[in-house]
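Nothing in this text is a laboratory measurement; each read-out follows from the coordinates by a stated rule. If you're wondering where the values come from, they're calculated on a predicted model, not measured in any experiment. For neighbour counting, all protein chains shown are included, and Cβ atoms are generated from backbone atoms with ideal geometry for every residue, glycine included.
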Ligand code: ADP
Ligand code: MG
Ligand code: MG
């Protein structure tokens, strides 16, 4: 059962990792995008941190919803509505009484795929979300699972987003959104999944 305290700790940890790696995420987005993924995510996660500062007594739905709204309004770019949708779906599911992490993440991934239209192997954040979800369901989420999923985006040809304009020239680069999702799940591992 996922609690408000755990979720706030998870998201604050994620925000810290994004802040620390802002320049790196921008650098990853430079050869296959427009060099702003780190800046976009920092803007969003700064707003998430601010909105969660007074939510320690709120319910899980409120926490997810506030997170989603901060991400949707502040990240901008392709990643904003995608991460935003993921958290909005978790807000909806938790409102229906779901507190199981695996079910919440499955709902989030379904929303993300529906919103962005990306399939597995399209070199997007979906390529990290899907294997992580499988691992969470099997109670086997480790940092290796996350790292492997992120690394696997390197040889992929981008089929969605700006990187897809490059076709085969997107090969050999990590997907920036996959890397930021790697931080999301490393933060999850450090705060929620022991
Ligand atoms: P923008 O490309 O608009 O500048 P960002 O740089 O913040 O936005 O985010 C780029 C990331 O968004 C990519 O690395 C990829 O992981 C993700 N992305 C882009 N389009 C899609 C999509 N249709 N479905 C899933 N993820 C996507
Ligand atoms: Mg970009
Ligand atoms: Mg952009």
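Mean residue ellipticity at 222 nm from the helices of the chain, using -39,500 (n - 2.57) per DSSP H segment of n ≥ 4 over the full residue count, to the nearest 500 deg cm²/dmol?
Theoretical 222 nm ellipticity from helices: -21500 deg cm²/dmol.
If each residue's Cβ is checked for other Cβ atoms within 10 Å, how do 18, 72 rank with the fewest at the top?
72, 18
With a/c under 1.5 counting as rounded, go ahead and sort segment 29-111 into rounded, prolate or oblate using the C-alpha gyration tensor (a ≥ b ≥ c being the square roots of the eigenvalues; past the cut-off, prolate if a/b is larger than b/c, else oblate).
Here segment 29-111 falls in the oblate category.
So, in Å, what gap is there between the alpha-carbon centers of segment 68-115 and segment 1-66?
Using only Cα atoms, the two centres lie 13 Å from each other.
How high is the relative contact order of the chain, in percent, with contacts defined as C-alpha pairs under 8 Å that are six or more residues apart?
Result for the chain is 23 percent.
Along each of the three principal axes of the Cα atoms of segment 92-165, give the extent in whole Å, ordering the values from largest to smallest.
Extents along the principal axes, in whole Å: 41, 28, 12.
Given a Förster distance of 25 Å, report the FRET efficiency between residue 138 and residue 5 from their Cβ-Cβ distance, rounded to the nearest 0.05.
So, using R0 = 25 Å, E works out to roughly 0.50.
Taking the mean number of other Cβ atoms within 10 Å as a proxy for protection, how do you rank 103-113, 179-189 from highest to lowest?
179-189, 103-113
Once you wrap a convex hull around the alpha carbon atoms of segment 62-194, what is its projected area averaged over all directions, in nm²?
7.5
On a 0 to 90° scale, report how tilted helix 126-137 is relative to the longest principal axis of the chain, with both axes built from alpha carbons and the result rounded to the nearest 10.
40
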